[in-house]
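Each reported figure results from applying straightforward, stated rules to the coordinates on display, with no laboratory input. Values in this document were obtained by computation on a predicted structure and should not be read as measured data. Because the Cβ atoms are built from the backbone with ideal geometry, glycine has one as well, and the counts that use them run over all protein chains shown.
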Amino acid sequence: MGFMTFKGGVHPHDGKEFSKDKPIRELLPKGELVFPVSQHIGAPASPIVAVGDTVLRGQKIAEAGGFVSAPIYSSVSGTVKAIQPRRGAVGDMVNSIIIENDGEMKETEFSPVQDITALSKEEIIAKVKEAGVVGMGGAGFPTHVKLSPKEPAKIEYIIANCAECEPYLTADYRRMLENPQELIEGMRIVLQLFDNAKGLFGIEDNKPDCIAKMQELTQNEPRMEVCPLKTKYPQGGERQLIYATTKREINSTMLPADAGCIVDNVETLISIYKAVKLGMPVMNRIFTVTGDAVAEPGNFDICLGMSYAEVLEAAGGFKTQPEKIISGGPMMGFSMFGLDIPTTKTSSSLLCLVKDDVAASETTACINCGRCVSACPEQIIPTRLAKMAGYGDMAGFEKWNGMECIECGSCSYICPAKIPLAQSIRTMKKQILAERRKK
Amino acid sequence: MSDLYNVSSSSHIRSKDTSSRIMLYVIIALLPATVFGVINFGIRALVLILVCIATCVASEWIFEKLIHKKSTINDFSAVVTGLLLALNLPHTLPIWQAVLGSVFAIVIVKMMFGGLGQNFMNPALGARCFLLVSFAGTMTSFTYDGVTGATPLALLKNGESVDTMKMLLGTTAGTIGETSVIAILLGAVILIMLGVIDLKIPASYILSFAVFILLFGGHGFDVNYLTAHLCGGGLMLGAFFMATDYVTSPITPMGKIVFGILLGVLTGLFRIFGANAEGVSFAIILSNLLVPIIEKFTIPRAFGQKKEVKHE
C-alpha cells in the first residue's frame, strides 16, 4: 500500500475494536430535545420559533446569525417547551431551544432535485447554506463559507477527510462501509463547484476494507482518487492531511484554499449530498458510543438534540462506572462532568473510560527528552512553549512559533513526565489571540 | 449534581513511557560497558561503581529531606549519574574521593540548580572534572594487569604506537567504562533501538571530530592514527552516553547537530593542542554551557512556514 503521511505524530492504542464491527443503528428519540443555537464557528443562530409553537421534523427553528453562521433545524416533531441557556459539551452555557418530542416524527416536505448537474454553482452553495451544513468532523466551520473561496478556479483538490485518526471513533468508518455511494455523490456535488479540482479520499490504512471499497466504487471516476494514508495520529488534522495527500504545506496564517485545497469530513460530504440531492437539512448524524465502560458499544444514527445520556442508554448504559466521559475522541475531545448534555452537529462520539489516565499519572520534572518535539506534527518545541506559557512570556512564545500549534495533544500524550503540554500551549494561544483583538 | 466525572483539558490518554523507565533503559544500555569494566579491572571496579551509585542516591535523598521536598530517587536519575561517574573513574581511585565526587555531582551540580531537568551541566562529568582538577594524581594514574601504565591516548600523544585491536576490545588501561568500544557500541545500539537517543549528536560529534583529526592531527590521512583517536579515551562513551544527556543538550533538531560539531571541534582542540591527552569531558561540560545560546539560534521553522519568514 502507498503510505502517504506527515512528519511527527504518535501511535496511541486505537481502541476501535469496541465498535468497528457494529452496524449503524437508527435511534428514535424520546422526551425533550435540546438545540443549542451555537453549534458552529461564527455568529450564533437566532431562534425563529416561540415557546408553545408546534414544529415538524425538518423545520427551521433558528436562522443563521450572519454569513459565517448556520441555521438550526428540529430533528423531531413536537412543541417548543422553552428557550433558555443549557450546558453544552464544552462546559459553557449556550442559549438553546428545547423541544418536547411528540414521538410522531412528522416531517416537513423536502424538495429533492432530480438532476443535480442542472443546478448552478450558486444554487448548490445556497442549498448547502440553507441546510445548515457545517464541518461535522468537530470544527463546525460553516461549509458554505468553505465552498466560497475567493478564487474558485484555483482550487485543485477537494480532500475528503476519511482518516478518522482519533482513537476509538468509528462513525466515519461505518459511513464508508454502509453509505459509500452517498459520500461519493457528496464529493461529486462539491467537484461540480470547482472545475479544476480533483477529489481525493484520504483513508488511513487501518481501514483496508474502506480503501478497497472506495477504490472499487471510484475506479470509473476520472476526477476522484483514493489516497491510502499511514495510520498515525493526527493524520486527519487538516494541515497534515493536505500535506500527506498533496505535499503542500499551510501554516496558521493560511487557509487550505491558499494551497488550492478544500477539506471536508465524511459526515459533512454526506450532509452536502442530503442537502443538495434530497433537500434535507442537517438533522441527524452518525455517532459512536464506545469505551471500556460501555455495555454495548456501537454506532448510531442519532437525531441531533438527543442527550448523551439517552444515546448511552441505547448502548446498554455502563457496565463499569467510568472515571471519565468524553465528547469526541480521546486526543482532542472534551471531557464532560455529566451526561445531561445535548448532541450537536459536531458531536462525533461519547467515549467512556473506566480509568482516567490523566488523573492517574503524576507529573514529574521535564527531562528535556525531546519526545514532544519528535511527536509534534507542526515541528515546534512543545516543552519550551509550555514553559514560556507558564512564565507568561508572550513574545518568546510567538518567536518559538507557538501560534502554529494545532492543539492535537500529541505532546501531552507522549510526554514521559506526564506534563499537560498541550493544555498550557492552548491557554497561552487563547491569551495571545485575546491580546491581539484588544489592539 | 451527585456524580461528576473527571474533567481535564485534552488529550485524555497518556503513553506508557515514564521518565523512570527511560532512566532504566539508560542503565540497561550501560550494562555491557559496566560488566566489561568489572571483568577487565576486577572487583575493585565493582566496589567503586556501587559506592558511586549508593552515594548519589543517598545524597539526593538526604538533600531532599533537608529542604523538605518530595523524594525523587524513584526516577533512577541518581543511579544513572552514579553509574556514569564511576565509569569515568580509574578503578584505583580512593573510595573517599569517589564519594566526594558523587556528592559533588548530585548536590552541587544537580540539586543546587533545582534537581532533575534543571542542571546546566552533566552532573557525572561535572564531578569528573572537579575530581580531575582536585586530585590530578589519583585521577590520572592508570594501572592495567597490576602494572602502572599510560592509556593508549597518552601513548598516542607521545608519538608511540598503539594496538587498535586491543582498544576496540577494551583490554587497555583507562577508566572503568571507557575502554571497550565494542561494549559501548552495543549499549549505543540498545539506546537507539529503545528510542532513547537518536544519532544527531553522536554522529555529528564523531564525524566532526574525525575531520578535525584528519585536518589538524599532523598525521595526514593515517587510518590507524584516526582509529586510535576514535577508539581512545572517553570519546565513544561521551558521544553516546553523555553528550546525549537530555537535560544538558539542545532540544532543537538543528541545535543537536551544532552541539555535536562543537563537541567534535573542542575535543579535537583539547586532544591535539592541549596539555592533556584527553578532552572529551571538558568539551562536553563546556558545550553544555552553550546550550541555551545554541537553542536560541536554532529555533526550528514550523511546519508550513516559509523560509523567508523572519522574526524580529
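Which aspartates and glutamates, if any, have their Cα less than 17 Å from the Cα of residue A:20, not counting same-chain residues under 8 positions apart?
Result set, ordered by chain and number: A:164, A:166, A:172, A:178, A:204, A:205, A:209, A:267, A:292, A:296, A:301.
Select from B:299, B:39, B:261 the residue whose mean-square fluctuation is largest in a Gaussian network model of chain B (Cα-Cα springs shorter than 10 Å).
For chain B, modelled as a Gaussian network with Cα springs under 10 Å, the answer is B:299.
Lys/Arg Cβ at +1, Asp/Glu Cβ at -1, dipole of the range A:328-439 taken about the Cα centre: which of A:383, A:348, A:329 is farthest positive-ward?
It is A:383, whose Cα lies furthest towards the positive end.
What average number of partner chain Cβ atoms lie no more than 10 Å from the Cβ of the residues making up B:234-247?
Per residue, the number of nearby Cβ atoms from other chains is 1 on average.
What 222 nm value per residue comes from the helices of chain A, counting each DSSP H run with n ≥ 4 as -39,500 (n - 2.57) and dividing by all residues, nearest 500 deg cm²/dmol?
The helix-only estimate for chain A comes to -7500 deg cm²/dmol at 222 nm.
Starting at the first residue of the range A:208-218, write each ³J(HN,Hα) from the Karplus equation 6.51 cos²θ - 1.76 cosθ + 1.60 with θ = phi - 60°, in whole Hz, x for Gly and Pro.
With the stated coefficients, the range A:208-218 comes to x, 5, 5, 4, 4, 5, 5, 5, 5, 6, 9 Hz.
For a quick check: sort B:53, B:43 by the number of other beta carbons within 10 angstrom, fewest at the front.
B:43, B:53
Could you pull out every residue, at least 5 positions away or on a different chain, whose amide H is within less than 5 Å of the one on residue A:407? Hs are placed 1.01 Å off N in the peptide plane, and Pro or chain starts have none.
For residue A:407, whose amide H was placed from the backbone, there are no distant partners under 5 Å.
Above 23 Å lies some portion of the pair distances; for the range B:20-296, what is it as a whole percent of all C-alpha pairs?
It works out to 49 percent of all Cα pairs.
Take a quick pass over the range B:20-296 and tell me how many lysine pairs come in under 30 angstrom between Cα atoms, counting only ones 8 or more apart or on separate chains.
Eligible lysine pairs with Cα atoms under 30 Å apart amount to 13.
Amide H of residue A:61: which non-local residues (sequence gap of 5 or more, or other chain) have their own amide H closer than 5 Å, using H built in the peptide plane?
Here the answer is A:72, A:73, A:74, since their amide H atoms fall under 5 Å of that of residue A:61.
Given a cut-off of 24 Å, name the pairs among A:198/A:277; A:106/A:127; A:324/B:16; A:121/A:213 whose C-alpha atoms lie farther apart than that in the structure shown.
A:121/A:213
Averaged over peptide A:347-353, how many Cβ atoms belonging to another chain are found within 10 Å of each residue's Cβ?
1
List every residue whose amide H lies under 5 Å from the amide H of residue A:162, counting only residues 5 or more places away in sequence or on a different chain, with H placed 1.01 Å from N in the peptide plane.
Placed amide hydrogens put A:202 under 5 Å from residue A:162.
Please say if chain A is rounded, prolate or oblate, where rounded means a/c under 1.5 for a ≥ b ≥ c the square roots of the C-alpha gyration tensor eigenvalues, and otherwise the choice is prolate for a/b larger than b/c and oblate otherwise?
Rounded is the answer for chain A, as its axis ratio a/c remains below 1.5.
Can you give me the span-like helices of chain B, meaning DSSP H runs with 27 Å or more of Cα extent along the axis and Kyte-Doolittle mean at or above -0.5?
B:19-41, B:43-66, B:253-273
Highest first, please rank the peptides B:83-93, A:265-275, A:7-17, A:203-213 by the mean number of other Cβ atoms sitting within 10 Å of their residues.
Peptide ranking by packing, descending: A:265-275, B:83-93, A:203-213, A:7-17.
Could you sort the peptides B:241-249, B:212-220 by per-residue average Cβ neighbour count (10 Å cutoff), highest mean leading?
B:241-249, B:212-220
If a paramagnetic tag sat 7 Å from the Cα of residue B:141 along the Cα-Cβ line, which residues of the range B:94-119 would have the backbone N under 18 Å from that point?
It comes to B:94-99, nothing else.
Which ³J(HN,Hα) values, rounded to whole Hz and listed in residue order, are derived for the range A:99-107 from phi using the Karplus coefficients 6.51, -1.76 and 1.60 in 6.51 cos²θ - 1.76 cosθ + 1.60 with θ = phi - 60°, glycine and proline given as x?
Coupling constants for the range A:99-107: 10, 7, 6, 8, x, 9, 6, 6, 9 Hz.
Taking Rh as the Kirkwood radius, which is the inverse of the mean 1/r over Cα pairs, what is the Rg/Rh value for the range A:371-438?
Taking Rh as the inverse mean 1/r over Cα pairs, Rg/Rh reads 0.95.
For the range A:371-438, what is the number of Lys pairs with C-alpha distance below 19 angstrom, counting only pairs 8 or more positions apart or on separate chains?
The number of close lysine pairs in the range A:371-438 is 8.
Within 10 Å of each residue's Cβ, count the other Cβ atoms and sort A:400, B:61 from fewest upward.
Arranged by neighbour count, lowest to highest, A:400, B:61 become B:61, A:400.
Which links in A:230/B:306; A:207/B:306; A:16/A:230; A:207/A:247 stretch past 28 Å when you go from one Cα to the other?
As for pairs spanning more than 28 Å Cα to Cα, those are A:207/B:306.
With Rg and the Kirkwood Rh both taken from Cα atoms, where does Rg over Rh land for the protein assembly as shown?
Here Rg/Rh amounts to 1.08.
May I ask you to evaluate 6.51 cos²θ - 1.76 cosθ + 1.60, the Karplus curve with θ = phi - 60°, for each residue of the range A:420-435 and list the ³J(HN,Hα) values in order in whole Hz, giving x for glycine and proline?
Karplus-based 3J(HN,Hα) across the range A:420-435 equals x, 4, 4, 5, 5, 5, 4, 4, 5, 4, 4, 4, 5, 5, 5, 4 Hz.
Highest GNM mean-square fluctuation, chain A, Cα pairs closer than 10 Å: which of A:231, A:344, A:108?
A:108
Measure out, as a whole number of angstrom, how far apart the alpha-carbon centroids of the range B:120-177 and the range A:144-211 sit.
64 Å
Averaged across A:417-427, how many Cβ atoms of other chains sit within 10 Å of each residue's Cβ atom?
Counting other chains' Cβ atoms within 10 Å and averaging over A:417-427 gives 3.
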